[in-house]
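The values are calculated or read from the model by the stated rules, or taken from the named source; none is laboratory data. Keep in mind that what you see is a predicted model, and the values were worked out from it rather than measured. Note that we place each Cβ from the backbone using ideal geometry, even for glycine, and neighbour counts take in every protein chain shown.
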Amino acid sequence: MKSWTVVKLGGSLLENVAMRSRALAAISAATASGENLVVVHGGGKRIDATLAKLGIPKRTHAGLRITDDATLDVVVSVLSGTVNKLLVAELTSLGTPSAGISGPDAATLEAEPHPPIDGVELGHVGRVTSANPALIEAIAARGVLPVVASVALGPDSTMLNVNADAAAAAIAVALGAKRLLFLTDVPGLLDDKGQVIESISAACAEQLLEYRVVSGGIVPKLRSCLEAIHGGVGEVVIAGPAGHENALNVGMGGTRLVAA
């Protein structure tokens, strides 16, 4: 089988219909041209909206969603159901046969409970420990695009809410992927002048984290990028809407992270 490209779709991008449509069209075109793709997605904003409708408070700590029993039910139903099947339906309508799965299916993603942070219990939040690509490979072998929701199998038949970037990185490593692409609603990693950093080495990315040059949502994304690179993935690209097609075609279009 051809080498793999793993595509992570961000939750913010998913809520913008125009951007989502362009991203899915680029994915569909790349698949039609012979690229061997798997899509991994989150859906944080859709989870937030559903929690609000149900009157369930959103609680976070250290950038992680505190996930009690009621919140886990919403996370699983929104990610594995609403968002996953929306993407499958839209991709299929573009002429790309797709099948949606989530981490517990055939133990595609396994995780351990996240330890408390600053003494705060996070509930059903997990850290990805392994990825099993067997089901992804079986789906792709039938000419169908796998679309994976970022819910993981935990200990004793439980399910855990995991970071979608980390899930994508683990799947990329397990598949021996040549590329991991983060298709986002921002143009890439920005420097202190707001300009896109076109290329960065893993060592430089580690320094950005060590010296806290970057903050917010880019921190877990950079960590996931580094996990992928250290796990043998050839390159990682963070691309905004204007660069989605280029990222899929030539591995450029935003910020490109390489081993050296």
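Worth a mention:
- Residue check for Lys53: closer than 28 Å to Leu24 by Cβ, over 19 Å from the mean Cα position of the chain (by Cα), not aliphatic (A, V, I, L, M) and not in a strand (DSSP E or B): yes
- Hey, Lys53 under 27 Å from Ala177 (Cα atoms) and modelled with pLDDT of 95 or more or not: no
- Within the range 197-242, if we keep just the residues that are basic (Lys, Arg) and surrounded by 15 or more Cβ atoms within 10 Å (Cβ to Cβ), the residue that is farthest from Ser12 (Cα to Cα) turns out to be Arg223.
- Search result, residues across the range 22-43 that are part of a helix (DSSP H, G or I) and among the polar types (S, T, N, Q): Ser28, Thr31
- Scan of the range 111-127 for residues that are buried (at least 16 other Cβ atoms within 10 Å of the Cβ) and either in contact (Cβ under 8 Å) with a residue 60 or more places away in the chain or among the acidic types (Asp, Glu) (or both), ordered by number: Leu122, Val125
- Selection of strands (runs of 3 or more DSSP E) fully inside the range 128-196 by the criterion of at least 3 residues being of a type in the set (S, T, N, Q) and buried (at least 21 other Cβ atoms within 10 Å of the Cβ) returns nothing.
- The residues of the range 53-69 that are surrounded by 14 or more Cβ atoms within 10 Å (Cβ to Cβ) and more than 20 Å from Leu14 (Cβ to Cβ), listed by number, are Ile56, Arg59, His61, Ile66, Asp68.
- Some residue of the range 74-92 being more than 23 Å from Leu175 (Cβ to Cβ), of a type in the set (S, T, N, Q) and either loosely packed, with under 14 Cβ neighbours inside 10 Å or modelled with pLDDT of 95 or more (or both): yes
- Residues of the range 86-110 that are touching a residue at least 40 places away in the same chain (Cβ under 8 Å), polar (S, T, N, Q) and over 25 Å from Gly126 (Cα atoms): Thr96, Ser98.
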